[in-house]
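Heads up, the thing below is written out as structure tokens.
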Amino acid sequence: MQLHLRATASYDAALARLTDRGDDDLDRVAPAVSEILHAVRTRGDEALGEYSLRYDGAVPSPFAYGPDEMAAALAALDPSLAEVLRFSAQRIRAYHERQVESGLRYTDDDGVGLGWRVRPLSRVGVYAPGGKARYPSSVLMSAIPAAVAGVGEVLLATPRPTAEILAAASIAGVSRVFDMGGAQAVGALAYGTALVPRVDKIVGPGNLYVACAKKLVFGRVAIDGIAGPSEILVVADEGADPEAVAADLLSQAEHDEAAYPLLVATSEAVARRALDALERQLAELPRRAIAEASVRANGHAFVVGDLDEAARVVTALASEHLALLVRDPEALLARVGAAGAAFLGDFTPEAAGDYLAGPSHVLPTGGAVRFSSPLGVYDFVVRTSVIRYDRDSLGRHGAAIAAFARAEGLEAHARAVEVRLRGGS
């Protein structure tokens, strides 16, 4: 892990590079992804089978799993694991039920009826990766907010679904699971095939090909965002336990060789204690090779002069996960401008957010927390503006509407008002 002392060229250069870490090389895979999407759009299930054979070595059988198959997988699961999944789902559901909106109607002082209607999307697709690891937690974290929102049908796309994935899908209320992955799965969800219905929105993380495919189908369907490698930023002061700091950093480093474990320390001594602990823990990790590659390539520790500077660095880095292992985490959080999920205090491990706390762990990466939010119920609804005039209220506004329309050269707009006021019912 690279150590950067304040007021040095290394510090400024590393910070500048990291603020641009969201610029993934999607262009490199775009031609191949475009070819895959075109094939799925034009040849449907035939193309899906060909890509499954090419990338996974076999055409899936079965290709789709319904509620009965998912329920059977849950029933056959180790009871202790099933209970953990249900407990996690209960907490995720309880948190997201507080995000439900009901819309609003009101009449303003001019007598105009206004408001908005909120309705759930009809059908959404959840993508769950199947590469270096399988994440039933991500199924719960993506599908439960959709179910709470009232989405009519939730489809899950994942290559080679395991019993744990199917069980999580059953608990989360997934309608069907499709054995498909990669850009071809995104294409099937976006365009529809004979076997895969077209969805309104696609959510969930994936590799570079999946991210590129989501970007290319955006507009045909909605997406939650373009997910990149996982990342965590830990802020530590003199009172922080270096073992806890190191453990939080490694909790994200073990996800992916491209993950970003980042540290902001209030002194060089704090940073060095944490880095020593990280090296000791790294040596004992089962996924050491992955975590070590992440730490060596993308691990950075910044030594700041005070917590005001720490807040500026944290805001500039705009990290997916932010762990505040400082004396007054609430006060520091108030000074931070951008973070995906904040973990406050010595006894709040990032892992709690991954599995059990309640908020979805599907978060923006690559600095996108500057302008986007964690996955939530609000991602699975759309709003309709509602406007209602009567004769009196249109009479109050009519002249202004017509004047505005004529100022823009749109005579028919003006007449659409005036024809009503000349004697229409």
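Within segment 235-259, restricting attention to residues that are outside any helix (DSSP H, G or I) and within 20 Å of the chain's Cα centre (by Cα), the residue that is surrounded by the most Cβ atoms within 10 Å (Cβ to Cβ) is Ala259. Within segment 356-367, not a single residue is part of a helix (DSSP H, G or I), at pLDDT 95 or above and in contact with a Phe, Trp or Tyr (Cβ under 8 Å, 6 or more places away or on another chain).
There is no residue in segment 260-269 that is under 21 Å from Pro120 (Cα atoms) and assigned to a helix (DSSP H, G or I). For segment 64-99, taking the residues that are aliphatic (A, V, I, L, M) and surrounded by 18 or more Cβ atoms within 10 Å (Cβ to Cβ), the one that is nearest to Pro197 (Cα to Cα) is identified as Met70. Residue count for segment 173-215 satisfying the condition of being assigned to a helix (DSSP H, G or I) and under 17 Å from Ser142 (Cα atoms): 6.
With respect to (1) among the β-branched types (Val, Ile, Thr); (2) in contact (Cβ under 8 Å) with a residue 40 or more places away in the chain; (3) within 30 Å of Val245 (Cα to Cα), the lone exception for Val382 is condition (3). Exactly one residue among Ala213, Ala147, Ala194, Ala163 is of a type in the set (Gly, Ala, Ser), crowded, with 23+ Cβ neighbours inside 10 Å and touching a residue at least 24 places away in the same chain (Cβ under 8 Å), and that residue is Ala213. So, in segment 312-335, how many residues would count as being in contact (Cβ under 8 Å) with a residue 40 or more places away in the chain, of a type outside the set (Asp, Glu) and either farther than 18 Å from Pro242 by Cα or in contact with a Leu (Cβ under 8 Å, 6 or more places away or on another chain) (or both)? Within segment 312-335, residues that are in contact (Cβ under 8 Å) with a residue 40 or more places away in the chain, of a type outside the set (Asp, Glu) and either farther than 18 Å from Pro242 by Cα or in contact with a Leu (Cβ under 8 Å, 6 or more places away or on another chain) (or both) number 12. Using the structure shown, decide if Arg41 is more than 25 Å from the chain's Cα centre (by Cα) and basic (Lys, Arg). Spelling it out, Arg41 is indeed more than 25 Å from the chain's Cα centre (by Cα) and basic (Lys, Arg). Just one of (1) touching a Gly at 6+ places or on another chain (Cβ under 7 Å); (2) under 30 Å from Val295 (Cα atoms) fails for Asp25. It is (1).
Yes/no matrix, rows are residues, columns are (1) of a type outside the set (Val, Ile, Thr); (2) under 30 Å from Leu375 (Cβ atoms):
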site	(1), (2)
Ala265	yes, no
Leu285	yes, yes
Ile290	no, yes
Ser294	yes, yes
His300	yes, yes
Val313	no, yes
Asp328	yes, yes
Ala339	yes, yes
Gly345	yes, yes
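What number of residues within segment 27-54 satisfy the criterion of being surrounded by 18 or more Cβ atoms within 10 Å (Cβ to Cβ) and under 26 Å from Gly367 (Cα atoms)? The qualifying residues number 2. No other residue among Ser142, Ser137, Ser170 is farther than 25 Å from Leu48 by Cβ and of a type in the set (Ser, Thr, Tyr) apart from Ser137.
Considering segment 280-348, there are no qualifying helices (runs of 4 or more DSSP H) wholly inside with 3 or more residues that are outside the structural domain of Pro242 (by TED's automatic domain parsing), within 24 Å of Gly367 (Cβ to Cβ) and touching a strand residue (DSSP E or B) at 6+ places or on another chain (Cβ under 8 Å).
Residue pairs whose Cβ atoms lie under 7 Å apart, separated by 6 or more positions or on different chains, with the first residue in segment 354-369 and within 12 Å of Ile226 (Cα to Cα) and the second of a type in the set (Val, Ile, Thr) and surrounded by fewer than 19 Cβ atoms within 10 Å (Cβ to Cβ), are Gly367/Thr19. Checked against the criteria, Ala338 counts as in contact (Cβ under 8 Å) with a residue 24 or more places away in the chain, closer than 20 Å to Ala16 by Cβ and touching a helix residue (DSSP H, G or I) at 6+ places or on another chain (Cβ under 9 Å).
The values are calculated or read from the model by the stated rules, or taken from the named source; none is laboratory data. Note that this is a predicted model, so its numbers are computed, not measured. Heads up, the Cβs are rebuilt from the backbone with ideal geometry, glycines too, and the neighbour counts pull from every protein chain shown.
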